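**Student:** Please see the structure below; I have some questions.
The values are calculated or read from the model by the stated rules, or taken from the named source; none is laboratory data. If you're wondering where the values come from, they're calculated on a predicted model, not measured in any experiment. Neighbour counts are summed over all protein chains in view; Cβ atoms, including those assigned to glycine, are modelled from backbone coordinates with ideal geometry.
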Amino acid sequence: MSGLFTHSLRWITALAIIGLGTRTDMEGNRPYGMPNNWNPIRVKDGYLYHDSLKLSLDKIPKVQELHTISKKALGPWYRLYTAIKIEESGNDGQNSYYARAYHNLVGMRYPKKRKTTALRMGNDYYAVYANWYEGMLDFRYYLDYMEASFERKFKRKPQSEKEFINHIYGSYNIYSKWKRDLFWILDHHPVLKDTL
């Protein structure tokens, strides 16, 4: 009888260890939470308000609308956000699985070191956000972190989106096609023809 109990206990323990080891949807602790006073954008009752825009936080906005919001939320790197969004999750109506399921429009992985607005880690280490705007703000945290990395390395700030892309290339994305596509999008996409 005790042999059966010991055998059953070993099986239960082994299954619990396997279950914990293969868990891919891990909980995060959302270190540092949401930023304060970055921009004049208001969020209330599931909507984002800015000037004449009223956008649902659950529905992915059009690229032009995202670009307008990114100008206020991301400062000088707003064009970089829009270009990466187009490359990572698609243009209008072509949104990736991670954009739809995780509100992750730019393919952010769950960070181990920096501040984040992510709620948790999803499959393949992708960050999961409460809504697309929190994903945008997390990209701001990422940009601040990587801009500091650039300054430590080169003793100055990056001077263009392409210079910044060269700096994050290899850690953000390892594929040369990704970098070529971003350069093309920055030069040719009609939404990115504007300036601040």
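**Student:** In the stretch 55-95, which residues are touching a Gly at 6+ places or on another chain (Cβ under 6 Å) and more than 16 Å from Ile41 (Cβ to Cβ)?
**Tutor:** First, pick out the residues of the stretch 55-95 that are touching a Gly at 6+ places or on another chain (Cβ under 6 Å): 57, 88.
Listed by number, the list holds a single entry, Glu88.
**Student:** If I filter the stretch 4-25 for residues that are of a type in the set (Lys, Arg), modelled with pLDDT of 90 or more and in a helix (DSSP H, G or I), do I get at least one hit? Can you show your working first?
**Tutor:** Filtering the stretch 4-25 down to residues of a type in the set (Lys, Arg) leaves 10, 23.
From what is left, the residues that are modelled with pLDDT of 90 or more are none.
No, that holds for no residue.
**Student:** Another question, if that's okay. Please verify whether Ala99 is out of contact with any His (no Cβ under 7 Å at 6 or more places or on another chain), surrounded by 21 or more Cβ atoms within 10 Å (Cβ to Cβ), more than 16 Å from Tyr78 (Cβ to Cβ) and small (Gly, Ala, Ser), treating the condition exactly as stated. So that I can check it myself, show each step before the final result.
**Tutor:** Values: out of contact with any His (no Cβ under 7 Å at 6 or more places or on another chain): yes; surrounded by 21 or more Cβ atoms within 10 Å (Cβ to Cβ): no; more than 16 Å from Tyr78 (Cβ to Cβ): yes; small (Gly, Ala, Ser): yes.
So Ala99 fails the test.
**Student:** So which of Leu66, Leu48 is among the hydrophobic types (A, V, I, L, M, F, W, C), under 22 Å from His188 (Cβ atoms) and buried (at least 16 other Cβ atoms within 10 Å of the Cβ)? Please lay out each step first, then the result.
**Tutor:** Values: Leu48 fails: under 22 Å from His188 (Cβ atoms).
After applying the criteria, what remains is Leu66.
**Student:** Right, another one. State whether the residues of the stretch 97-110 include one that is under 27 Å from Lys59 (Cα atoms) and without any contact (Cβ under 8 Å) to a residue 12 or more places away in the chain. Give the steps one after another, and end with the answer.
**Tutor:** Of the stretch 97-110, the ones under 27 Å from Lys59 (Cα atoms) are 97-110.
In the following step, the residues that additionally are without any contact (Cβ under 8 Å) to a residue 12 or more places away in the chain were identified as 97.
Checked the stretch 97-110: at least one residue is under 27 Å from Lys59 (Cα atoms) and without any contact (Cβ under 8 Å) to a residue 12 or more places away in the chain.
**Student:** Okay, next question. Which of the helices (runs of 4 or more DSSP H) found entirely inside the stretch 95-189 contain at least 1 residues meeting this: of a type in the set (Ser, Thr, Tyr) and on the phi < 0 side of the Ramachandran plot? First the steps, then the outcome.
**Tutor:** Numbers: elements: 97-102, 132-154, 161-168, 176-188.
Filter on the stretch 95-189 gives 97-102, 132-154, 176-188.
**Student:** Ok, one more. Residue under question is Phe164, and the condition is that it be in contact (Cβ under 8 Å) with a residue 12 or more places away in the chain and either more than 28 Å from Leu48 (Cβ to Cβ) or under 9 Å from the mean Cα position of the chain (by Cα) (or both); does it hold?
**Tutor:** Values: in contact (Cβ under 8 Å) with a residue 12 or more places away in the chain: yes; either more than 28 Å from Leu48 (Cβ to Cβ) or under 9 Å from the mean Cα position of the chain (by Cα) (or both): no.
Criteria not met by Phe164.
**Student:** Looking for whichever is in contact (Cβ under 8 Å) with a residue 40 or more places away in the chain and either surrounded by 14 or more Cβ atoms within 10 Å (Cβ to Cβ) or touching a strand residue (DSSP E or B) at 6+ places or on another chain (Cβ under 8 Å) (or both) here; the options are Asp144, Asp138, Asp181. Which one fits? Steps first, please.
**Tutor:** On the way: Asp144 fails: in contact (Cβ under 8 Å) with a residue 40 or more places away in the chain; Asp138 fails: in contact (Cβ under 8 Å) with a residue 40 or more places away in the chain.
Going through Asp144, Asp138, Asp181 in turn, the sole match is Asp181.
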